1. Would you mind counting up the charge near LEU239? Only other residues with Cβ under 12 Å from its Cβ, with Lys and Arg at +1 and Asp and Glu at -1.
2. For segment 2-55, would you read off the P(r) tail past 18 Å as a percentage of all alpha carbon pairs?
3. In the neighborhood of LEU225, defined by Cβ-to-Cβ distances under 15 Å, what is the net charge if each Lys or Arg adds +1 and each Asp or Glu adds -1?
4. Counting Lys +1, Arg +1, Asp -1, Glu -1, what net charge surrounds GLU159 among other residues with beta carbon under 13 Å of its beta carbon?
5. Express the relative contact order of segment 158-243 as a whole percentage, based on alpha carbon pairs under 8 Å and six or more residues apart in sequence.
6. In percent, what relative contact order does segment 136-208 have, based on Cα pairs under 8 Å that are 6 or more apart in sequence?
Amino acid sequence: MLTRKQLDLLRFIQQRMQECGVPPSFDEMKDALDLKSKSGIHRLITALEERGFLRRLPNRARAIEVIRLPETLGQSPQAAAQPAAPEPRRFTPSVVEGGRAKQPPAPPPAVAAEALRAVSIPVMGRIAAGTPIAAIQNQSHAVTLSPDFLSGGEHYALEVRGDSMVEAGILDGDLVVIRKQETANTGDIIVALIDDEEATLKRLRRRGSSIALEAANPAYETRVLGPDRVRIQGRLVSLVRRY
């Protein structure tokens, strides 16, 4: 899942490679994305490289290779080159049953009542419990939960990646349920959007006018940021774990 800026940069590099056979310069990328400095381009390219969309070739100037493209931009170059395998023909028999059609057994009353109470929650991709990853943008699928897992308001879910919150009982692969809100109290576990580009799951601490994003793992340092660099996008209300 990519931010808008990351997607725009990947599209620009791919188009330039198709037109000229060489990637654009950092100045051309900066102008194309209307950024003020090349440091922003460095951050975007590093993020795309970490996510497996780009590869920088060593000891060569302007050597950037597009490895794959997200679904929004079509197939990857490798996949596009491969012809699609023909769909095998399948035999589907026609069956005629005599007598009255069988009805599936009715669920127990308690199960039926719980199904009526269930709420569908969108899963908005992954959240980093470790090094921040791309900002949350698109729904990947949905899960159905009992309202007992929710509080008042609007909710969404995220799949956890990383181990920075293990001492808070949040493990890699868990599904966290987040209540949408723009404010939170000190001690709450929140989804924090940093510089409008990267999202992370951390415990909120306030230090004067600054905001501290605290991990629940001594291997990770607490990040202290100015209030203008952090936007709260929700508070953790529950957790779903599959075994």
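1. My count for the surroundings of LEU239 gives 0.
2. Considering segment 2-55, 23 percent of its Cα-Cα pairs are separated by more than 18 Å.
3. +1
4. +2
5. Details: 186 pairs, mean separation 31.0, N = 86.
About 36 percent, as a whole number.
6. Worked out over segment 136-208, it gives 23 percent.
The numbers here are math on the coordinates, done by the rules we state, and not lab data. Model, not experiment: these values are computed from the prediction. All Cβ positions, even for glycine, are placed from backbone atoms using ideal geometry, and neighbour counts span all protein chains on display.
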